[in-house]
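*Asks:* Take a look at this one; I'll ask things after.
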Amino acid sequence: MADTHTDLHLDVWQFVRLMVQMEETLERAGFSPRSGKGGGGALKALYDLWEDLWVDLDAQLVDLGRRDPDAFADLMMDQEVVLENPPAGARGLVADELSKVVDALKRQLAHTEDPAQVEDLSFERDELVETIRQLRPHKGGGKNAGGTSGAKGPKPPRPFKKSAAKKPSGRRQPK
């Protein structure tokens, strides 16, 4: 699936990682994402397109993190963000930014010996590698994220994720 104009579905935690990485990339390039200062470019345009959703979601996560850890965990891990009709080139930009996140996760993994942190970081790395592979299926499994065998087939379900019989309408949907 080349760069189609179908909706892009990301787990909430993946969207959080993506938007934080986009902010870092834009800041390194001299743009100030949340203040609107700086120049343009495709990545800035994509950030601007999703900024309102990001700001609202970030505020909701901060609030839930303070008052309801279970609801926070549910939102982060069991729901997804639907980015409707992304513009041409968006999938490649998202894959590029998520590849940077994978690289950072690999650096963290190389410097930790805490088994729980290794498990968490490995989970994120592996899930992001699969997402990148799905965004760039023509490039081969894992090539861009450097670390998977590229095995074909459906993604195995995570044991703690729950499935919803019917997805409600809206931008964030339970899985």
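The values are calculated or read from the model by the stated rules, or taken from the named source; none is laboratory data. Everything quoted here is computed from the prediction, not taken from an experiment. All Cβ positions, glycine included, derive from the backbone under ideal geometry; neighbour counts span all protein chains shown. For the accessible areas, the whole protein counts, side chains as well, though only heavy atoms, and no ligand, DNA or RNA atoms are used. Shrake-Rupley method; radii C 1.70, N 1.55, O 1.52, S 1.80 Å.
*Asks:* Between a residue in segment 61-75 that is outside any helix (DSSP H, G or I) and any residue that is at pLDDT 95 or above, which pairs come within a Cβ distance under 8 Å, given they are 6 or more apart or on different chains?
*Replies:* Qualifying pairs under 8 Å: none.
*Asks:* I've got another one for you. For segment 40-52: of the residues being charged (D, E, K, R) and surrounded by 12 or more Cβ atoms within 10 Å (Cβ to Cβ), which is farthest from V81 (Cα to Cα)?
*Replies:* Filtering segment 40-52 for residues charged (D, E, K, R) gives 44, 48, 51-52.
Next cut, surrounded by 12 or more Cβ atoms within 10 Å (Cβ to Cβ) only: 44, 48, 51.
Values: K44: 19, D48: 16, E51: 13 Å.
Checking each candidate, the answer is K44.
*Asks:* Restricting attention to segment 114-139, which residues are at pLDDT below 95, charged (D, E, K, R) and surrounded by fewer than 17 Cβ atoms within 10 Å (Cβ to Cβ)?
*Replies:* K139
*Asks:* From the list V94, V82, V55, exactly one residue is without any contact (Cβ under 8 Å) to a residue 60 or more places away in the chain and of a type outside the set (K, R). Which is it? Break it down into steps so the answer makes sense when it comes.
*Replies:* Values: V94 fails: without any contact (Cβ under 8 Å) to a residue 60 or more places away in the chain; V82 fails: without any contact (Cβ under 8 Å) to a residue 60 or more places away in the chain.
Residue meeting the stated conditions: V55.
*Asks:* Return the only residue of G142, G170, G153 being in a loop (DSSP other than H, G, I, E, B), modelled with pLDDT under 70 and within 22 Å of Q21 (Cα to Cα). Break it down into steps so the answer makes sense when it comes.
*Replies:* Values: G170 fails: within 22 Å of Q21 (Cα to Cα); G153 fails: within 22 Å of Q21 (Cα to Cα).
Sole residue among the options that is in a loop (DSSP other than H, G, I, E, B), modelled with pLDDT under 70 and within 22 Å of Q21 (Cα to Cα): G142.
*Asks:* Confirm whether A88 is touching an Asp or Glu at 6+ places or on another chain (Cβ under 6 Å), on the phi < 0 side of the Ramachandran plot and either free of Cβ contacts under 8 Å to residues at least 12 places away in the same chain or surrounded by fewer than 17 Cβ atoms within 10 Å (Cβ to Cβ) (or both). Steps first, please.
*Replies:* Numbers: touching an Asp or Glu at 6+ places or on another chain (Cβ under 6 Å): yes; on the phi < 0 side of the Ramachandran plot: yes; either free of Cβ contacts under 8 Å to residues at least 12 places away in the same chain or surrounded by fewer than 17 Cβ atoms within 10 Å (Cβ to Cβ) (or both): yes.
Yes, satisfied.
*Asks:* Right, here's the next one. Could you identify the single residue in V94, V55 that is surrounded by fewer than 17 Cβ atoms within 10 Å (Cβ to Cβ) and part of a helix (DSSP H, G or I)? Working first, answer last.
*Replies:* Values: V94 fails: surrounded by fewer than 17 Cβ atoms within 10 Å (Cβ to Cβ).
Just one listed residue meets the conditions, V55.
*Asks:* Return the residues of segment 104-113 that are of a type outside the set (A, V, I, L, M), open to solvent by 70 Å² or more (accessible area, probe 1.4 Å) and either outside any loop (DSSP other than H, G, I, E, B) or under 29 Å from D48 (Cβ atoms) (or both); say none if nothing qualifies.
*Replies:* Of segment 104-113, the ones of a type outside the set (A, V, I, L, M) are 106-108, 111-113.
Then drop every residue that is not open to solvent by 70 Å² or more (accessible area, probe 1.4 Å), which leaves 107-108, 111, 113.
Hits for segment 104-113 are R107, Q108.
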